[in-house]
Structures are given as structure tokens and as C-alpha cells.
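Quick notes on the structure that follows.
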Amino acid sequence: MNNAQLIGPFKQIVTLENSPLKGALQDKDIAIIEDGAIILQGEKIKEVGSFDLLKKDNNHLDFIEIKHDAICIPGIIDCHTHICFAGSRARDYAMRNAGKTYLEIAKMGGGIWDTVQHTRKASKEELTEGIINRANTLLSRGITTVEVKSGYGLSIDDELKMLEAIKVANNKCTTELISTCLAAHIKPKDFDGNHKTYLEYISSNLFPILKQKSLTNRIDIFIEDEAFDIDISREYLKKAKDHGFEITIHADQFTPGGSRLAVELNALSADHLEASGEPEITVLANSDVISVALPGASIGLGCAFTPARKLLDAGASLAISSDWNPGSAPMGDLVLQAAILGTFEKLSNAELLAGITYRAAAALNLTDRGTISKDKKADFCIYDTDHYNEIFYHQGKLLPSIVFKNGKIAHSTNY
Ligand code: NIG
Ligand code: FE
């Protein structure tokens, strides 16, 4: 077993321990240790507390001394991305800004289908390399866990190629990748059948292989006029649950509806929600489904933000994620996007931090991370500053100087 190590002192450790999973948060509601230290043992956190006390009682331990003002927050979790893709959609972006809508561009052969063409042409190795590069970029910004969806293959072989690329990439990079099958992204134009038969084809032929090859335990679907309707989505997701998969939904992006199904089927999360109105907000708030805001898609498409303030005030649990993808959200910078969401939706820093840490962990059903507390994974980010308010104030420009993943330094700048 690795030797235990003591690291500190930190002006603040934003532990977020025992903070509520649901509802609005003020900064006074979150746990912060002033002048703190962390003891690591192997991949886990052994103890967190006052630096003076921990140092006095553990003087024999290896000591990583932080010699200037620094603060510490849990490793950031990006719980919704599409970073397995090939090709660029810069042309779509320009067309949108010149007045065409996302759905019009999709109808003209751009949009998701365009990325499917490029992704199908790419080799598994090329896709793997792309994922690793993007995951390393995320790590340098403090993201220690990232969910990655398939969904640009849309055939059995191409979806398998994507999910295998995610699995290989996960073994080669330090950031942990959590895969999700999004074969139900849109009906591929070359499928000989209707939406219902496409989903039946996927559930009958792909689900068993996903289980057999342990490629994912999560199934996602895009519920939208241009994608899949509620009734056939319900059938598909029920089959996914019967196979033992966890489920999540791209819901209420342009048209409300998907969020209700997420609650009906007890999905882990309902993601997007830009078009959610009062009825959807109430239904979500009265459920255990995590509402996931994707401000990068609102910025990329020039659309309204998810009604994050209303969701939180109604009592929902709100996670925030980048949705990094080549179409609607090409930026991929979660901290920047959370900061912008905060300014428009009037969210406290506590709500933003919760949204990118333990509430995002809940969206992925991960109970071993998201806070800095005993027995959790030793995933955390150190910033060279004296107050956590500085993180969102700098709108993504204040980067962590050290990122720990599983108890080891995974990224560092000036040490
Ligand atoms: O979450 N809305 C559906 N899917 C993605 C966009 C994918 C794309 O445009 O390539 C999203 O925004
Ligand atoms: Fe998405």
C-alpha cells in the first residue's frame, strides 16, 4: 500500500461534504475548512481537517507543503459530453449565425448527420486519439471525471467502434471516462425503416453486445421533434432498463416533454431543459432526477439558458455540464460556461460548485467522488489563490495549478 501523505496548508478546502443534493444553496450552506490539510492514502482521502491539528498528529507522514496561498476544491465532473467525434461543424456554426436554425441546418444535411459521416470514416485509433487529446485538455482545467457519449455512429458497428474507442482512451488517459450509448441520437438517414424499427433494431442487436463486452452501463436518447418521440422513447428506455442499463435523456431542448418521461422512468438525469416551463420544472423538482444544464449549447446555438434559477428554487438538483460536441457546443470549457450561466441565471458560487462536483456525480450515479471527504477518491484541484470566489470571477481563466486524480498528481503547472 502507498505511504500516506499530508498535503497543505490550504487557505480554504471547499469540501462540500454533506451539502444538500437538491435545491437552492447559499455560500453559507457549503462546508469549507479554513487553513486545512488533506491526508491521502493510496487513491483515497483518509482525513481532512485543520492543518495545525493534522500536522501535529501526523508529523511522520510524507509532507507535500503548499508554500503560498492556495485553495482546494473537489475534482470537477463533466457529466455530459460528446467528445468522441471526427470532423468540424464550423460551416453549421456560420450558417446559424447567418440566420438558419439548428433544426433547419439538420434538415439540409448538416447537423448531427454531418458528424456521423466523418465519424464513420474515422478509424477507432483516430477516434481514440481525439478523445485523449480532449480529455487531457479537460484535465488541465480540473476535470477529473468526464462522461462521453457515442451517438455519431448510428449503426451497430459504428456505435461499437465509438464505445470501444472510449474504452481504449479511458485506459490511456488519467481523466476517468464514463461511457454512455447514444445510438438513439437521431434515426440515421440510411436506415431502412421508421424511427420505431430503428430503436427496435438497436435494442435487439446492440444492447446485448454492450453488456457482453462491458462497453457501457448507460443508455441515452434524444427526445425531440427531429429525433425520437415520447412513446417510442418510452418503449426503448424500458427495454434498456430491462437489460439493466441506467438511463438518461436529452430532454426539453427545443420542445418540452422528455423531462416528464425522465421522471416517469426514474432516469438518472434529464439534460438540456432549455425549453422547460413551469409544469416541467415542478415535475423535475418533485423527483430524484438530476436536472443537467448545458450552458455551452445555449452559447453555441444562441438560445435561452436552462431555467436554472427556477429549477433550484423549486427544489430540483441542478448539475452543470459542457455538452462538448462539434455541433451545438464546440467550446468545451465547463468552468467558463458555469460562470456565464451564473451571471445570467443568478446562481450562487455554492450552486455552481455543487453543479460541477457532487451533483454532477449524482447524475452519473457515482457515490465515490464529488466531495473532499474521508474515503472518497482523492480527486481534487488546487488553485493558487486565497478564496474560492476567484474561480468563477475569472470566468474560466483561473486554471488549477495542480490536479490530483486517484491520489496522484495528474497535472501541474508551476510545481
Ligand atoms: O446535446 N441535442 C442533441 N445532441 C447534442 C448535439 C449534437 C450535435 O449537434 O452534434 C446536444 O446538444
Ligand atoms: Fe448532448
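Phi-derived couplings, Karplus 6.51 cos²θ - 1.76 cosθ + 1.60 at θ = phi - 60°, listed residue by residue for segment 309-318: 4, 5, 4, 5, 5, 6, x, 6, 9, 10 Hz, with x used for Gly and Pro.
Over the chain, what is the mean sequence separation of C-alpha contacts under 8 Å (at least six apart), divided by residue count, expressed as relative contact order in percent? Mind showing how you got there, number by number?
Values: 990 pairs, mean separation 84.8, N = 415.
About 20 percent, as a whole number.
All alpha carbon pair distances within segment 280-355 were sorted into 5 Å bins beginning at 0; the resulting P(r) in whole percents reads 3, 18, 28, 24, 17, 8, 1.
Set the Förster radius R0 to 45 Å, insert the Cβ-Cβ distance between Glu200 and Asn18 as r into 1/(1 + (r/R0)^6), and round the FRET efficiency to 0.05.
It comes to 0.50.
Counting only protein heavy atoms and a 1.4 Å probe, segment 126-284 has 35 square angstrom of accessible area per residue. Under the simplified labelling scheme, the Glu125-Asp29 pair shows an inter-label distance of 5.1 nm, with each label point 7 Å from Cα along Cα→Cβ.
Listed by chain and number, the aspartates and glutamates placed with their C-alpha closer than 16 angstrom to that of Lys28 are Glu17, Glu351; residues fewer than eight positions away on the same chain are left out. Heavy-atom accessible area with a 1.4 Å probe sorts His185, His195, largest first, into His195, His185.
Think of it as helices only: each DSSP H run of n ≥ 4 in the chain is worth -39500 (n - 2.57), and spread over all residues that comes to -10500 deg cm²/dmol at 222 nm. The alpha carbon centroids of segment 236-274 and segment 1-43 are separated by 32 Å. The mean sequence distance of close C-alpha pairs (under 8 Å, at least 6 residues apart), as a share of the length of segment 1-67, puts its relative contact order at 44 percent.
Remark on Thr385: its backbone amide H falls under 5 Å from those of Ala70, Ile71, a criterion applied only to residues 5 or more positions apart or on other chains, H modelled at 1.01 Å from N. Can you find, among Pro208, Ala86, Ser179, the residue farthest towards the positive end of the dipole of segment 77-363? Put +1 on the C-beta of Lys and Arg, -1 on that of Asp and Glu. Checking the options against the dipole of segment 77-363, the answer is Ala86. In terms of accessible area, using a 1.4 Å probe and ignoring ligands and nucleic acids, Asp252, Asp69, Asp192 rank largest first as Asp192, Asp69, Asp252. If R0 equals 45 Å, the separation of the Cβ atoms of Asn286 and Ala98 corresponds to a calculated FRET efficiency of about 0.60.
So with the 1.4 Å probe, I'd like the accessible area per residue for segment 333-415, rounded to whole Å². Provide the component values of the computation, followed by the final result.
On the way: 2950 Å² over 83 residues.
The answer is 35 Å² per residue.
Rounded to the nearest 10 degrees, what's the angle between the helix 112-121 long axis and the longest principal axis of the chain, both from Cα atoms, 0 to 90? Orientation of helix 112-121: about 80 degrees from the principal axis. Spin-label model, Asn133/Asp62: points 7 Å from Cα along the beta carbon direction are separated by 3.4 nm.
Spin-label pair Ser50-Glu264: with each label point 7 Å from Cα along the Cα-Cβ axis, the two points sit 5.5 nm from one another. How would segment 77-363 be classified by its alpha-carbon gyration tensor: rounded, prolate or oblate, with rounded meaning a/c under 1.5 and the a/b versus b/c comparison settling the rest? The shape class here is rounded. Of the trypsin sites (Lys or Arg not before Pro) found in segment 266-362, those that fall in a DSSP loop while having at most 16 other beta-carbon atoms within 10 Å are Lys346.
If you filter segment 1-86 for trypsin sites (Lys or Arg not before Pro), then keep DSSP loop positions with at most 15 other Cβ within 10 Å, what is left? Could the numbers behind the result be given before it?
On the way: sites: Lys11, Lys22, Lys28, Lys44, Lys46, Lys55, Lys56, Lys67; in loops: Lys22, Lys67.
Sites meeting the loop and neighbour criteria: Lys67.
Check each of the trypsin sites (Lys or Arg not before Pro) in segment 196-280 and keep only those in coil by DSSP with at most 15 other C-beta atoms within 10 angstrom; list them in order. Walk me through the intermediate numbers first.
Numbers: sites: Lys196, Lys211, Lys213, Arg218, Arg234, Lys238, Lys239, Lys241, Arg260; in loops: Lys213.
Counting only loop positions with at most 15 other Cβ atoms within 10 Å, the trypsin sites (Lys or Arg not before Pro) in segment 196-280 are Lys213.
Extension gain, Lys397 to Asp192, is 69.0 nm, computed as 0.36 nm per intervening residue step minus the present C-alpha separation.
For the chain, what is the percent of antiparallel DSSP beta bridges, rounded to the nearest 5?
Values: 25 of 58 bridges.
Within the chain, antiparallel bridges account for around 45 percent of the total.
The phi torsions of segment 340-353, fed into the Karplus equation with coefficients 6.51, -1.76 and 1.60 and a -60° offset, translate into couplings of 5, 4, x, 5, 7, 9, 6, 9, 6, 4, 4, 5, 5, 4 Hz, rounded to whole numbers, with Gly and Pro shown as x. Counting only residues at least eight positions apart within a chain, or on another chain, the lysines with an alpha carbon under 26 Å from that of Lys408 are Lys11, Lys44, Lys46, Lys55, Lys56, Lys67, Lys167, Lys172, Lys374, Lys376, Lys377, Lys397.
Using a 1.4 Å probe over the heavy atoms of the protein chains, calculate the carbon and sulfur portion of the accessible area of the chain as a whole percent. It would help to have the intermediate numbers written out before the result.
Values: 7660 of 15780 Å².
Taking all protein chains in place, the chain shows 49 percent carbon and sulfur surface.
The values are calculated or read from the model by the stated rules, or taken from the named source; none is laboratory data. Fair warning: this is a prediction, and the values are worked out from it, not measured in the lab. FYI the Cβ positions are ideal-geometry reconstructions off the backbone, even for glycines, and counts take in every protein chain you see. Heads up: the accessible areas ignore ligands, DNA and RNA and are worked out on the full protein's heavy atoms, side chains in. Shrake-Rupley method; radii C 1.70, N 1.55, O 1.52, S 1.80 Å.
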